[in-house]
């Protein structure tokens, strides 16, 4: 080997070292400006949904809606790839599915289905600074002080409050409002809505105390039956009797009747409960939130020959609406067009709005720039008003519909006036 100062080995090694340093510098420079999930030819997106479990109709419809919105779309020369993983609406599986997509390198997550599943996924995304767009849940855990989250839909608190306020104005007493909910974060979001709706009513201190006691219970499936005007069931089960008995116990103890039972659950579980209560001859009316799934709930009601006294709130326009985004979704989805797939379609369009804004303004496609497109902004999304000026939720749209034989129709003022007489 030659010594330092001699021609040959050491001098050539210097060239090799310099070449390596330049190459490393170029690599580092590229990594500084590149964003996970974004290449020169592709933007990778992720979604974790129930695709084969008991809520698979929700997950499948959301996915189809998003896919229809993104079909054929490009951002510059980049195609959009939506990678999906199944979690069967089970939090343990959600963790595995989320980690899998993170490892595959996605720019953001969109359209995930469910509150208990979001509860375990969001910390994983926050750890990697990955945005969450248009998740199919109205839970409060996605709303306050969440800079990485962009919501489309109204919250469960808003949905339950809208129904309860209308019922109270139609003659229902605060002591006649009860609830049947899933025994987890999803169901408790509904209980918070009930509590907020009754907060300013008179003579409800015992009710408020009972609801607060129920909300304070922690752990997996804690004991919540028999504690107040609430019946609960275990996620992914159809056992309605325990929750029903809890409501009957409350009626007897308080000498009241549950004129309105606010339900917050899946279509199969809520449908089984309504059918069970109907078989017992209960004179109750029922409401459900949008997540329950109007189309599937209707199928359950038809199976049990139930044709009235059921309401469900919606967070997207009616399927026969003339709004441009609805007409476009109807054409794009064909036979797969329903209220849930329409929401997925809206979420897909909301994503495209952000990416196209970056393209038009020639900004780099980074997560930070993407989130800034929505922050404190107002805009129209093909006829839908989006307002992020005060929070991270674009829409406050809620329509309350009622079961009318084999269809859902919007409840107007005259309908409400006669609903509880």
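The values are calculated or read from the model by the stated rules, or taken from the named source; none is laboratory data. Keep in mind that what you see is a predicted model, and the values were worked out from it rather than measured. All Cβ positions, even for glycine, are placed from backbone atoms using ideal geometry, and neighbour counts span all protein chains on display.
Here are the numbers for the structure shown:
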| read-out | value |
| --- | --- |
| Exclusive hit being closer than 23 Å to residue 351 by Cα and in contact with a strand residue (DSSP E or B) (Cβ under 8 Å, 6 or more places away or on another chain), set 129, 183, 151 | 151 |
| Odd one out for residue 206 among (1) out of contact with any strand residue (DSSP E or B) (no Cβ under 9 Å at 6 or more places or on another chain); (2) more than 19 Å from residue 257 (Cβ to Cβ) | (2) |
| Cβ pairs under 8 Å, 6+ apart, first in region 410-421 and over 21 Å from residue 294 (Cα atoms), second buried (at least 16 other Cβ atoms within 10 Å of the Cβ) | 417/170; 420/167; 420/170; 420/172; 420/259; 420/285 |
| Residue within region 194-216 that is buried (at least 24 other Cβ atoms within 10 Å of the Cβ), under 21 Å from residue 284 (Cα atoms) and outside the structural domain of residue 370 (by TED's automatic domain parsing) present | yes |
| Boolean, residue 191 is in contact (Cβ under 8 Å) with a residue 24 or more places away in the chain, closer than 21 Å to residue 115 by Cβ and buried (at least 20 other Cβ atoms within 10 Å of the Cβ) | yes |
| Every residue from region 382-406 that is assigned to a loop (DSSP other than H, G, I, E, B), in contact with a strand residue (DSSP E or B) (Cβ under 9 Å, 6 or more places away or on another chain) and either at pLDDT below 95 or surrounded by fewer than 17 Cβ atoms within 10 Å (Cβ to Cβ) (or both) | 389, 391, 396, 397 |
| Any hit, region 215-230, residues being touching a helix residue (DSSP H, G or I) at 6+ places or on another chain (Cβ under 7 Å), more than 23 Å from residue 55 (Cβ to Cβ) and not in a loop (DSSP other than H, G, I, E, B) | yes |
| Single unsatisfied condition, residue 117 versus (1) touching a residue at least 60 places away in the same chain (Cβ under 8 Å); (2) part of a helix (DSSP H, G or I); (3) assigned by TED's automatic domain parsing to the domain that holds residue 197 | (3) |
| Test: residue in region 289-308 that is at negative phi, free of Cβ contacts under 8 Å to residues at least 40 places away in the same chain and in contact with a strand residue (DSSP E or B) (Cβ under 7 Å, 6 or more places away or on another chain) | yes |
| Residues of region 232-265 that turn out to be under 23 Å from the mean Cα position of the chain (by Cα) and either without any contact (Cβ under 8 Å) to a residue 60 or more places away in the chain or buried (at least 20 other Cβ atoms within 10 Å of the Cβ) (or both), as a count | 11 |
